[in-house]
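To start, the structure under review is shown below, and the notes come after it.
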Amino acid sequence: MASSPTYILIHVFGTVRDELDRADRGKRTYSGWLRQYVAETPKRLTEIAYLLDQLTENGWKVVGSPYDCDVMLERDVSREQAEQDIRRAEFWDRLVQIASADDDGHIVWRDHPEGAPSRRRPPTREQGS
C-alpha cells in the first residue's frame, strides 16, 4: 500500500499580530515584548535555515504553502516513519521548538494543512460558496 504524504509546517515571519496573540498577555509591556521579539527573530531565522537543511537532506521537499508566511515541507512516508526518521537524525527537539503543530499537537501533519485542496470539489451552485 502506498503511503500518503505527510507535512511539516514552519511559521517563518510570524506577523506581529499573530505573535502578540500568542505572547503571554498581561505579563509584559508591549514595548518590552517587542524588543525581545526583534532580538529573537534573527536566531529564529537561523534555526529555520538549519532545520530546512536537515529536513531536505532527510528526503523532505519544500512545497508551496497555503500561507505566504509559512514554509511547508512534504514527504511520502507515514507520520510514524517520519517522526522516527527525524528523531534518529537528532534534530527532533529543535524542530519541536520551531514547527507549527496540527490540532492534535503533532509536528508531522498526517493531512495537508489546507485539507488537501487538490482533491476537494468546489461547491455546487445550490450549496453556495
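Some points to look at:
- Karplus (6.51, -1.76, 1.60) ³J(HN,Hα), θ = phi - 60°, over segment 69-80, in Hz, Gly and Pro reported as x: 9, 10, 10, 10, 10, 9, 8, 8, 9, 5, 4, 4
- Spin-label model, D111 to Q97: label points 7 Å out along the Cα-to-beta-carbon direction sit 3.1 nm apart.
- Computed 3J(HN,Hα) for segment 96-106, one whole-Hz value per residue from the Karplus formula 6.51 cos²θ - 1.76 cosθ + 1.60 where θ = phi - 60°, is 4, 6, 10, 6, 8, 7, 6, 4, 8, x, 8, glycine and proline marked x.
- Sorting 93-102, 38-47, 77-86 by average packing, meaning the other beta carbons within 10 Å per residue, from highest down gives 77-86, 93-102, 38-47.
- Between I48 and A89, the simple spin-label model (points 7 angstrom out along Cα→Cβ) gives 1.8 nm.
Quick note: the coordinates plus some simple rules give every number you see, no bench work behind them. All values reported here derive from a predicted model rather than from experimental measurement. Neighbour counts are summed over all protein chains in view; Cβ atoms, including those assigned to glycine, are modelled from backbone coordinates with ideal geometry.
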